[in-house]
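Structure first, commentary second.
FYI, it's all coordinate maths here, none of it is from the lab. Owing to the predicted nature of the structure, the values given are computational and were not obtained by experimental measurement. Methodologically, a virtual Cβ is constructed for each residue, glycine included, from the backbone with ideal geometry; neighbour enumeration extends over all protein chains shown.
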2 protein chains.
Amino acid sequence: MTVLDDMRAAIGPAAVLTDAADRVRYEQGARYDSGTCLAVLRPADTHEVATCVAIAARHQMRIVPQGANTGLVGGSTPDGSGGELVLSLQRLKGFALDLDNASATVGAGMLLSELNGRLAGEGLFFPIDLGADPSVGGMVATNTGGARFLRHGDVRANVMGLTAVLPDGQVLRLGAGLRKDNTGPDWKQLLIGTSGAFGIVTEAELHLSPLPRETAVALLVPAAPEAVLPLLREAERRFGALLSAFEGMSREAVCAALAHVPSLRDPFAPGPVPDYAILIEIARSSAAAPGEAGLDDLLQAVLSDLIEAEPGLLADARFGRPEHGWALRHALSEGVKAAGRLIAFDLGFRRGDTMRFCAQMREELARTHPEVSVCDFGHIGDGGVHFNLVVPPGSACATDPAAEAALRARIVEVAVRDFGGSFSAEHGIGRRNQKFHDIYADPALRRLSKAILETLGGARLGAARFD
Amino acid sequence: MTVLDDMRAAIGPAAVLTDAADRVRYEQGARYDSGTCLAVLRPADTHEVATCVAIAARHQMRIVPQGANTGLVGGSTPDGSGGELVLSLQRLKGFALDLDNASATVGAGMLLSELNGRLAGEGLFFPIDLGADPSVGGMVATNTGGARFLRHGDVRANVMGLTAVLPDGQVLRLGAGLRKDNTGPDWKQLLIGTSGAFGIVTEAELHLSPLPRETAVALLVPAAPEAVLPLLREAERRFGALLSAFEGMSREAVCAALAHVPSLRDPFAPGPVPDYAILIEIARSSAAAPGEAGLDDLLQAVLSDLIEAEPGLLADARFGRPEHGWALRHALSEGVKAAGRLIAFDLGFRRGDTMRFCAQMREELARTHPEVSVCDFGHIGDGGVHFNLVVPPGSACATDPAAEAALRARIVEVAVRDFGGSFSAEHGIGRRNQKFHDIYADPALRRLSKAILETLGGARLGAARFD
């Protein structure tokens, strides 16, 4: 019996896709990365996932789990060997709501949009805010962060329970939806953020938050790059738990979005686009008390006071409908991509280092790569920076893979070695970041990964390798 | 050279306490548990801790790390063998504040009160709210929760970096203060909540929160036990992120506190103490906007509306100064302890199960142990219950250790087996819960612990054993 015969016998022939035409949408990443797989497996439930994993282990084949395949680091696509199996979790759509527990147990294949659609009627949501529409399993596998991290934390902080299939096909249930359980380490955290390497998450119990009832947004123009961090601290001090986003955007990124996304209005017109702008959002899920000021008024009052009380911080503030501010913020990615050949980084820093890194790296690139345009934006409130380079056609970095690789290596080196930052703030490891993991990961932790994988049944799951 | 000679040579003779009189306060737990150690080691910094651990490993001796020794499960006291070494972290008092990062790097020996004292001037605090005054290292080792968990999460969610000494004496630094870092599993989480078994935490970088500027508290009398959970959901819906505590108190626990803590006023007088009461707190760190209602008014308005709109939920609400409400809540523990011989449990449940468990167990105990008085209270907003039994002198459970052990085993059995709960919601494992860990821990996870401990250098740290 071949591995495919075994798989067909276990989950039915219709759930094992081998035709090239059927496979192709599972083999191609959302933006980068593609490969070829032997087959795409589409099991229906945790039990079938476990069966597939056990069969693959017996045949010594690698399985790459895949949710909505929206990742940007090749964490859910097969390699070029043609010898891997993609295991799609799309059919795992279970949903059980526990209102008393403020939690829902959700299948790995459910999309974030589907989940929030089901929760909206109850006044709840899963507060991970992303440009893409990933599956629950994909969010857990990468520990996605997004734009409301500073209010709600990452996926890690919002997972109360997991069901996972270990590399040997064993099923492990963890957490049981308890908020307080101090009977050992939090084993769930070994499975979150590892692209499925230690186990394929088939179901997660998620902590739910009350939907915001009122939101106000402004675009801030800091007086200087050095004012961005002091502005963040003032915003935290003055808005407290109301603060739900503090997102930075360079002029180059904003201009790229305005140039390439026709539906956008320029919020700074008729003036020029400022060197740097910040989208600030405050939100509350509670009802306004009788006679209480709305959040728009509160935002305007606090920002006006800030302009008067702290000269040198805030040069300007533009108010408007929240959806217009977010339309600009969410268009940055598309705009930058359309502006030319993109070399993108997803970096994490201590918050005080984000602006310093960007300034220092811009200066270095102006000397070493003057043809490159820096279009950075990111989650300044959490130290995350999407440091994007747009490279003109014909330049060395666009035509010579070695030149591009050297540029990538240099930027990661400065971020990790000089600034103590992370080469992957929220996108995960995948295949794209494997080389940086292999350079920078602590040897003691790699030994630990190896021992854990051996105990769990081997290193045959996922696109990334931690051992 | 004996182990003590080696220790004296490494950290100086004054830092190695062997006299019985010097040792005794390190050998006696805060409430329960005591033992005898060969010596108390008092290293001055991470490097000295590492040296001590390496020496102990060479001599094959067990080290029990100790912070402020305030735990209730024997996690920081030696056993009765006299062969263990207590390693006190009291001298590790480092403190470095990073205001831009909203974080502080703090030595394991700093007390929570000292830490918050240093932060208050900056308008910040570490939001773990406990009756005791533990050290930072102790809080990390147990992953303490406390009364503001539902607003701020547990220690786990607020640790951004760790320095730890592994069982072989190697020093590991994790996290580096980054909020977003998805380059693998969150290894910090293996060290948090394990009583030091996988490594002794010598320093932690903690996420800091803005201090509340305004707080309002009320004592709620639910119309029936079944109304408690619906009240919680209404409170979450109506107060959103303002809700900072939702604590339940049984009549028996309140009466014990009123009887034994003379400084308390009875907030329900001249009426009777209700069967069950809830302390609700709302708080905000942001400034009130001009013309905005105070939180006292908001609390009263919302609760009045609730009484009108949702009959059958709320029978009464008593308003007062927050410190009076909290004085009662914090006196429960002392009151219950003074009421008689105490058999205490620290249980965690899905939130919908807390009241059901207490009701079912009370019913069973009324049949099997009618002499026992149930004085439960707890963190209803997080599913935590301090299920306390007060046992009269002379009864079987007070005089016969086997009878007490059988009662303990039965209650844990119902909580864990029948309700899927946790036998330690926030106190950790320590020595007290070892037997329950050995019964209920997942065999796959115990194998994993064993493999991890072998890789890290063996199982010779801490009072609890996970392998």
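If you count the DSSP beta bridges with both ends in the protein assembly as shown, what percent of them are antiparallel, to the nearest 5?
The antiparallel proportion sits near 85 percent.
Do you know the relative contact order of region B:214-322, to the nearest whole percent, from alpha carbon pairs under 8 angstrom that are 6+ apart? Over region B:214-322, the number comes to 52 percent. Only beta bridges with both residues in chain B are counted; by DSSP, about 85 percent of them are antiparallel. Counting from the shortest, the label point at B:Ala366, 7 Å from Cα toward Cβ, is 7.9 nm from the same position in each remaining copy. A label point on B:Glu413, set 7 Å along the Cα-to-Cβ line, lies at 6.5 nm from each of its counterparts in the other copies, closest listed first.
Return the FRET efficiency for the residue pair B:Gln300, B:Val171: r is the Cβ-Cβ distance, R0 is 51 Å, and the value is rounded to the nearest 0.05.
0.40
Each residue of region A:253-262 is assigned a 3J(HN,Hα), and the resulting list reads 5, 5, 5, 5, 5, 5, 6, 10, 10, x Hz, derived from the Karplus form 6.51 cos²θ - 1.76 cosθ + 1.60 (θ = phi - 60°), x at Gly and Pro.
Looking at the calculated P(r) for region A:364-467, what percent of the C-alpha pair distances fall above 22 Å? Don't skip to the answer; put the middle values down first.
Values: 2339 of 5356 pairs.
It works out to 44 percent of all Cα pairs.
Counting neighbouring Cβ atoms within 10 Å and putting the fewest first, the residues A:Thr105, A:Thr354, A:Thr368, B:Thr18 line up as A:Thr368, B:Thr18, A:Thr105, A:Thr354. Each helix, a run of at least 4 DSSP H residues, gives -39500 (n - 2.57); summed and divided by the residues of the protein assembly as shown, these come to -10000 deg cm²/dmol at 222 nm. Ascending distances from the A:Glu323 label point to its copies in the other chains, with the point 7 Å along the Cα-to-beta-carbon line: 5.0 nm. Modelled label positions at B:Arg251 and B:Leu97, each set 7 Å beyond Cα in the direction of Cβ, lie 4.8 nm from each other. Region B:215-240 and region B:392-467 have Cα centres spaced 33 Å apart.
Seen against the Cα atoms of chain B and their longest principal axis, helix B:228-239 is set at about 90 degrees. When the C-alpha to C-alpha distance is required to be over 26 Å, the pairs from A:Lys435/B:Lys188; A:Lys180/A:Lys435; A:Lys435/B:Lys180 that qualify are A:Lys180/A:Lys435.
Protection proxy ranking of A:444-452, B:405-413, by the mean of other Cβ atoms within 10 Å over each peptide's residues and highest first, is A:444-452, B:405-413.
By the equivalent-ellipsoid construction on the alpha carbon gyration tensor, region B:214-322 comes out with semi-axes of 24, 18, 12 Å, ordered largest to smallest. The Cα trace of the protein assembly as shown gives Rg and Dmax of 28.2, 91 Å, the first to one decimal, the second as a whole number.
Translational diffusion of region A:95-210 was estimated from the Stokes-Einstein equation, with Rh taken as the Kirkwood radius over Cα pairs; at 20 °C and 1.002 mPa s the coefficient is 152 µm²/s. What the Cα atoms of chain A give is an Rg and a Dmax of 23.1, 77 Å.
Temperature 10 °C, viscosity 1.306 mPa s: under these conditions the Stokes-Einstein estimate for region A:340-418, based on its Kirkwood radius over C-alpha pairs, is 125 µm² per second. Dipole orientation for region A:214-329: of the candidates A:Ser304, A:Val273, A:Val228, A:Val273 has the Cα lying most toward the positive pole (charges on Cβ; Lys, Arg +1; Asp, Glu -1).
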